[in-house]
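The values are calculated or read from the model by the stated rules, or taken from the named source; none is laboratory data. Everything numeric here is computed off the predicted structure, so don't read it as measured data. Note that we place each Cβ from the backbone using ideal geometry, even for glycine, and neighbour counts take in every protein chain shown. SASA here: full protein model, heavy atoms, side chains in, ligands and nucleic acids out. Shrake-Rupley method; radii C 1.70, N 1.55, O 1.52, S 1.80 Å.
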Amino acid sequence: MCGIVGYIGPRDATPIILNGLKRLEYRGYDSAGLAVLENGHIAVRRDAGKLARLSALVEESPVHGHVGIGHTRWATHGEPSARNAHPHLGMTGDVVVVHNGIVENFLELREELSAEGVVFNSDTDTEVIVHLIERCLSRETGLAEAARCALSRLRGAHGVVTFSSKEPDKIVAARIGNAGGVVVGLGDGEMFLASDMPAILEHTRSVVFLESRQMAVVTREGVEIKTLEGDAVAYQVQSVAWDPIAAEKGEYRHFMQKEIHEQVRSLTDTIGGRVDFEDGRIHLPELNLTPEKARRTRKLFIIACGTAAHAGMVGKVLIEHIARVPVEVDIASEFRYRDPIIDEDSVVLAISQSGETADTLAAMEEARSKGATVWSIVNVIGSQAMRIANGYISMQTGPEIGVASTKAYTAPLVDLYMLAVLLADLRGGIDERTRRRLVNDLRLVPDLAGRCLDREADVEKVARFLLNVSHCLYLGRGINMPSAYEGALKLKEISYIHAEGYPAGEMKHGPIALIDRDMPVIVIAPRDPWYEKMLSQIEQAKARGGIVIALATDGDELIPGIADHVIWLPETPWMLSPVTAVIPLQMLAYHIAALRGLDVDQPRNLAKSVTVE
Ligand code: F6R
């Protein structure tokens, strides 16, 4: 959840760390801090609040040096405050630590250390790490060994970065489990460290990812990696192609708005290179899917969290309809604890924007241990979910900075559609005409997305109408039932308006009791196979005095007669309609939150990568 940056080299570490943290602020943003080695001593600056507070603090009280680490926090143990912000110093002031993860046995360790006379200066679990390192330092030889000794005491999953004023030539970093990656960026006579690549991309494209239970000793000249057991690791340097400019806000007020508008491009890239329109065929080479494997696949499990899980629900309809393979969709945090029935003829497909979501990674591991083939659809290149899968589909959306996911929702919808067609083709379960029609429909997607975006002003008018409501009900059915879930999630997470997504047919079994003039109902009713059922849903809501905002297809003559407001959708093949239905819902949530003056990109209590369980 938290963001980590480190630097060692000839340049001033402070601006490099602050800049890196800026690119990671989406990961956690309730407090931030940095530690720099200045004239032989570790100087720490940290404060609660956003990164701007830390920058102001550094301006008031500058700090310069050639070795440093920084952190942006998403609180787990201890409220967001200056004393709980990272970095944390040990009692001597010679060792400093930043950390991402949860020390599960921290109470026990804290008691043990307190009994030995250690005085704690924060309420965090992280602080035990620095004290453990100091304790090991008195017995072991050097920081790296001491860190290894300290880490062996921790339960849970962690990314840890530390340095010592007594060994100014190095930074030590380690990763245990899936609490967040640690990536080392290789420069020329300088080295960078980060929890995520955007923090260091402006400096280098050559990176090394630490695997679980690996530790890196990073000096100006290079990096040495060993396992926590002390065995040398022959690592691979990877070259990364992301463009840091793509991560700037440009003309938009918020990243979320920019990312909503980027969907024409991201959907074009999603299709590009994967679709052979001549042949009417799909190519997803990184999936490593052979005709034999496709035929042997008896069941698919889609595992994901939040928005990614909603994409998975659309995927279920697509894969079952097109490829006739049974699909179960599981919330990743449930899947891993429910002892699912999977075997080597099952495929478990994880969907994750960050590729670092702890629940999703743990579910992938559970699947692997049971012999299933594991695939992922993932955005962040080189992330854990990409690396541990047997095959993957890369989302091609570029960095998503806004905490509320938008372009990383529509890209997997198209990926799942392509996967369904590919599976059907390889299993011999689709006739050529149908396959060509489905493939051809993909051509329409970017333009349809663009036509939704062109109607932003109309959506904004509806946003003004809904500005002061306290509750909203979103209804959808069939392939657009997940669109209702996703629309509601977008609204609640950035505007703090209570919103529920519901399968429209379930309304009469309870939620209809909620409908009155104060409970606007957003009905997703494009011309898909569930259209007529949705019409009666609108009637039912109206009959109970509800205010209905309907999403309807251009040219629909019935809906304007019954709904209070209509948001128009371009005519879309029904299996791709979740793409066009969600774009106005994203814009609606965005404009409501922006009009309410809220922090759209960094809503309260949330973080972009959820690397804790
Ligand atoms: C909502 C949102 C979250 C994420 C969820 C999974 O807008 O962004 O619900 O979808 O935390 O994250 P990833 O896709 O990174 O695994």
Review point. In this structure, is V67 aliphatic (A, V, I, L, M) and more than 27 Å from K608 (Cα to Cα)?
Key: yes
Point to revise | Hits in segment 572-613 - residues which are open to solvent by 20 Å² or more (accessible area, probe 1.4 Å), more than 15 Å from the ligand (Cβ to nearest atom) and under 22 Å from S495 (Cβ atoms) | key: L595, R596, G597
Practice item. Looking only at segment 436-450, decide whether some residue is in contact (Cβ under 8 Å) with a residue 24 or more places away in the chain, part of a loop (DSSP other than H, G, I, E, B) and either closer than 23 Å to L267 by Cα or not polar (S, T, N, Q) (or both). Key: no
Check your understanding: Quick one: R433 ticks every box in (1) touching a Ser or Thr at 6+ places or on another chain (Cβ under 6 Å); (2) open to solvent by 10 Å² or more (accessible area, probe 1.4 Å); (3) free of Cβ contacts under 8 Å to residues at least 60 places away in the same chain bar one, so which box is it?
Key -> (1)
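Which residues, taken from segment 106-131, are touching a residue at least 24 places away in the same chain (Cβ under 8 Å), open to solvent by 10 Å² or more (accessible area, probe 1.4 Å) and either under 22 Å from G68 (Cα atoms) or in contact with an Asp or Glu (Cβ under 9 Å, 6 or more places away or on another chain) (or both)?
Once the filter is applied, which keeps residues that are touching a residue at least 24 places away in the same chain (Cβ under 8 Å), open to solvent by 10 Å² or more (accessible area, probe 1.4 Å) and either under 22 Å from G68 (Cα atoms) or in contact with an Asp or Glu (Cβ under 9 Å, 6 or more places away or on another chain) (or both), segment 106-131 yields F106, V118, N121, D123.
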Revision key, fill the gap. Checking E356, E334 in turn, the sole residue that is within 16 Å of the ligand (Cβ to nearest atom), free of Cβ contacts under 8 Å to residues at least 24 places away in the same chain and open to solvent by 10 Å² or more (accessible area, probe 1.4 Å) turns out to be E334
Practice item. Could you grab the pairs with beta carbons closer than 7 Å, sequence gap of 6+ or different chains, first residue in segment 581-601 and among the basic types (K, R), second one surrounded by fewer than 24 Cβ atoms within 10 Å (Cβ to Cβ)? Key: R596/L467
Practice item. Mind telling me which of the residues V95, V172 ends up being of a type in the set (V, I, T), buried (at least 21 other Cβ atoms within 10 Å of the Cβ), touching a residue at least 40 places away in the same chain (Cβ under 8 Å) and over 28 Å from T357 (Cα atoms)? Key: V95
Revision key, fill the gap. Scanning segment 482-503 residue by residue, those within 11 Å of the ligand (Cβ to nearest atom) and open to solvent by 10 Å² or more (accessible area, probe 1.4 Å) turn out to be Y485, L489, K492, E493
Practice item. State the number of residues belonging to segment 304-320 that are open to solvent by 50 Å² or more (accessible area, probe 1.4 Å) and within 16 Å of the ligand (Cβ to nearest atom). Key: 0
Exercise for review: Go over the candidates I549, I583 one by one and state the one that is farther than 30 Å from E25 by Cα and among the β-branched types (V, I, T).
Suggested key: I549
Check your understanding: Pick from I512, I538, I522: which is assigned to a strand (DSSP E or B) and more than 16 Å from the ligand (Cβ to nearest atom)?
Key -> I522
Practice item. Scan segment 337-353 for residues that are of a type in the set (S, T, Y) and away from the ligand (no atom under 15 Å from the Cβ) and jot them down. Key: Y337, S346
Review point. Does segment 271-283 include one or more residues that are modelled with pLDDT of 90 or more, open to solvent by less than 10 Å² (accessible area, probe 1.4 Å) and within 16 Å of the ligand (Cβ to nearest atom)?
Key: no
Review point. Restricting attention to segment 37-54, which residues are touching a residue at least 40 places away in the same chain (Cβ under 8 Å), of a type outside the set (G, A, S) and surrounded by fewer than 16 Cβ atoms within 10 Å (Cβ to Cβ)?
Key: H41
Review point. Is there a residue being open to solvent by 20 Å² or more (accessible area, probe 1.4 Å) and among the polar types (S, T, N, Q) anywhere in segment 183-204?
Key: no
Practice item. Tell me which residues, restricted to segment 167-192, are in contact with an Asp or Glu (Cβ under 8 Å, 6 or more places away or on another chain) and at pLDDT below 95. Key: R175, N178, G180, G181, V183
Review point. Under the condition of being more than 9 Å from the ligand (Cβ to nearest atom), among the small types (G, A, S) and open to solvent by 10 Å² or more (accessible area, probe 1.4 Å), which residue from segment 373-417 is nearest to I322 (Cα to Cα)?
Key: S394
Review point. Do we find that A323 is crowded, with 18+ Cβ neighbours inside 10 Å and either more than 21 Å from the chain's Cα centre (by Cα) or away from the ligand (no atom under 14 Å from the Cβ) (or both) in this structure?
Key: yes
Review point. Only one of these conditions is not met by K533: (1) free of Cβ contacts under 8 Å to residues at least 40 places away in the same chain; (2) open to solvent by 10 Å² or more (accessible area, probe 1.4 Å). Which number is it?
Key: (1)
**Study point:** Filter result for D12 (charged (D, E, K, R) and surrounded by 17 or more Cβ atoms within 10 Å (Cβ to Cβ))
**Key:** no
Study note, to complete from the structure: Of the residues in segment 221-231, those that are assigned to a loop (DSSP other than H, G, I, E, B), free of Cβ contacts under 8 Å to residues at least 60 places away in the same chain and either open to solvent by less than 30 Å² (accessible area, probe 1.4 Å) or of a type in the set (K, R) (or both) come to G222
Point to revise | Conditions (1) open to solvent by 30 Å² or more (accessible area, probe 1.4 Å); (2) within 25 Å of Y7 (Cβ to Cβ): number failed by V161 | key: (1)
